[in-house]
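Accompanying notes for the structure given below.
The values are calculated or read from the model by the stated rules, or taken from the named source; none is laboratory data. What you are looking at is a predicted structure, and each value in this text was computed from that prediction instead of being measured. Quick reminder, even Gly has a Cβ in these numbers, built from the backbone with ideal geometry, and neighbours come from all protein chains shown. Ligands, DNA and RNA are stripped out before the accessible areas are found, and what is left, the full protein with its side chains, is counted by its heavy atoms. Shrake-Rupley method; radii C 1.70, N 1.55, O 1.52, S 1.80 Å.
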Amino acid sequence: MDGMTVGLIWAQGRNREIGRDGALPWRVPEDLARFAARTRGCPVVMGRRTWESLPERNRPLPDRANIVLTRHDGWCAPGAHVAASLREGIELARQLANPHIGKRPAVWVIGGASVYQAALDEGWAAVVEVTEIDAEARGADAFAPTLDAAVWKRAGESPWRTSESGVRYRFLTYERRG
């Protein structure tokens, strides 16, 4: 949208699991550190349930404009902006983005599953950052979208590492083809 780079960022298990009962299904501090480093200084767009899944002490996420998507009129998120649609949220992010930080992408979509899918369906995303977790999350109820190989190419891959929590993980970067 208007030359602004939109990125998606998530952590997923072996079966593309991203959530269980409104929370992350594992503890990988290195993933959270990477998330913070990548998104800091950029607006983040998320669905209402993703906002509500954040620990209260972390709401709003610091050092970034937080934009929460909801269809509920009058709903408010202290410290965040509210938008009625993903299009409205990304447009608001564009207005709030700091053009002087020199970081790309200019806005990050951070969940949940339906918001990720909508960003992909609309063709707005240019980059997807995935932390691949070498674990299965039994009882998962939220899943990452599938990235179509005809649209997305793997542009970066870290070696497998072991988290301080004992979970194996690696970082993957995908870019939109041509």
Condition (residue is closer than 23 Å to L147 by Cα, in contact with a Gly (Cβ under 9 Å, 6 or more places away or on another chain) and either in contact (Cβ under 8 Å) with a residue 60 or more places away in the chain or among the small types (G, A, S) (or both)) applied to region 51-72: is it met by at least one residue?
no
Could you figure out which of (1) of a type in the set (D, E); (2) modelled with pLDDT of 95 or more; (3) over 25 Å from A140 (Cβ atoms) isn't true of D73?
(2)
Selection within region 155-173 - of a type in the set (A, V, I, L, M) and either part of a loop (DSSP other than H, G, I, E, B) or open to solvent by 60 Å² or more (accessible area, probe 1.4 Å) (or both)
V167
Can you find a residue in region 80-89 that is in contact with a helix residue (DSSP H, G or I) (Cβ under 7 Å, 6 or more places away or on another chain) and not hydrophobic (A, V, I, L, M, F, W, C)?
yes
Within region 62-71, the residues that are open to solvent by 60 Å² or more (accessible area, probe 1.4 Å) and closer than 22 Å to R87 by Cα are R71
Do we have C42 as farther than 16 Å from G112 by Cα and in contact (Cβ under 8 Å) with a residue 12 or more places away in the chain here?
yes
Single match in G89, G123, G79 (criterion: within 17 Å of the chain's Cα centre (by Cα) and under 19 Å from R40 (Cα atoms)):
G89
Spot the failing condition for T146; the list is (1) in contact with an Asp or Glu (Cβ under 8 Å, 6 or more places away or on another chain); (2) modelled with pLDDT of 95 or more, and only one is missed.
(1)
Which members of region 132-154 meet the condition of being open to solvent by 30 Å² or more (accessible area, probe 1.4 Å), in a strand (DSSP E or B) and in contact (Cβ under 8 Å) with a residue 24 or more places away in the chain?
E132, F143, K153
Out of R34, R40, R87, R59, which single residue is open to solvent by 20 Å² or more (accessible area, probe 1.4 Å), in contact with a Lys or Arg (Cβ under 7 Å, 6 or more places away or on another chain), of a type in the set (K, R) and over 19 Å from A137 (Cα atoms)?
R40
